[in-house]
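First up is the structure itself, then whatever we jot down about it.
We did not get these values from a lab; they are worked out from the coordinates using the rules stated. Given the structure is predicted, the values throughout are model-derived calculations rather than measurements. Backbone-built Cβ (ideal geometry, glycine too); neighbour counts: all protein chains shown.
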Amino acid sequence: MKLRVGYELIYECEQFTPMMLMLNTHYSRVQDVLSADLLVVDPAVTILQYRDGFGNLCSRLVAPPGRIEMSTTALLNISDQPEEREPYGHQHPVEELPDECMVFLLGSRYCETDLLSDVAWRLFGESLPGRDRVQAICDFVHRQIVFGYEFARPTKTAWQVYHERRGVCRDFAHLAVTLCRAMNIPARYCTGYISDIGVAPPHSAMDFAAWFEAYVGGCWQTFDPRNNVLRTGRVLMARGRDAADVAISNTFGPAKLVKFAVHCAPEEA
């Protein structure tokens, strides 16, 4: 199946404003790319790119005063079947984890493991270790947190989500990541596209989505506490400790986002 993804963002800047963007599909999908998502900027400016410590592709530019539009479209070849679980799901003792996993056991900007450790062990201490425990955490978050865009707040942390019981997909992911880390399961935050393939209408407006990966069964496995089902057409853009590491844009000066549109849908024949 061919999947078309992309976006259109428009910012208004009061002055020359440096920006750092994370708007490309992840290199792990390179074998699926039929048409690459090259960043188009209007007015044209110089774009420099680098990979951060998590392997994400980052773009740097300086936006001029006034409006600046950023857009792309890409075509990927994807499976027309829902995601599949890996064959193994055991939990690794901390002392046997690969070095790369250790940072994803620690607290971070939006994931306060110290505040939620007692909660995690009280809720999930009797669950089966490994993937079953991660799924129990996802089930809890999915049931207990009410989804709504009106509940979005850029400073909201996992501790606040747990107490407020409201949020958007990033809040679901932050809470689940934090509870996993508190149970000694490495977990990393992910962002990207998720299509509505196989989902009954009505569909909400397309947006970038958040989920997470947990290290169980000898590999990183995908979990999605917001949707809590296996999906078709999930396309990773970036990974990190939490949303602070994978923001679609960081502006170093006054800038206002005035248009935000995302598309992710099968390509019509």
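Couple of notes before you dig in:
- ³J(HN,Hα), Karplus 6.51/-1.76/1.60, whole Hz, each residue of the range 167-180, x for Gly, Pro: x, 10, 4, 5, 6, 4, 5, 4, 5, 5, 4, 5, 5, 5
- Sites matching GluC sites (Glu not before Pro) across the range 182-269 that sit in DSSP coil, with at most 11 neighbouring C-beta atoms within 10 Å: E268
- Of all DSSP-defined beta bridges confined to the chain, some 95% are antiparallel rather than parallel.
- Burial order of peptide ranges 170-182, 219-231 (average beta-carbon count within 10 Å, highest first): 170-182, 219-231
- For a paramagnetic label modelled on L257 (point 7 Å from Cα along Cα→Cβ), amide N atoms under 13 Å away belong, within the range 50-86, to 70.
- Mean-position separation - Cα centroids, the range 206-252 and the range 37-106, in angstrom: 9
- Rounded to the nearest 500, the helix-only mean residue ellipticity at 222 nm of the chain stands at -5500 deg cm²/dmol, with each DSSP H run of n ≥ 4 adding -39,500 (n - 2.57).
- Peptides 189-199, 94-104 ranked from most to least packed, by the mean per-residue count of other Cβ atoms within 10 Å: 189-199, 94-104.
- Note on D118 and L34: the extension gain reaches 25.5 nm, defined as 0.36 nm multiplied by sequence separation minus the Cα-Cα distance.
- The chain: angle of helix 113-124 to the longest principal axis, Cα-based, in degrees nearest 10: 50
- Here the spin labels are modelled as points 7 Å beyond Cα on the Cα-Cβ line, and at D139 and N184 they lie 2.3 nm apart.
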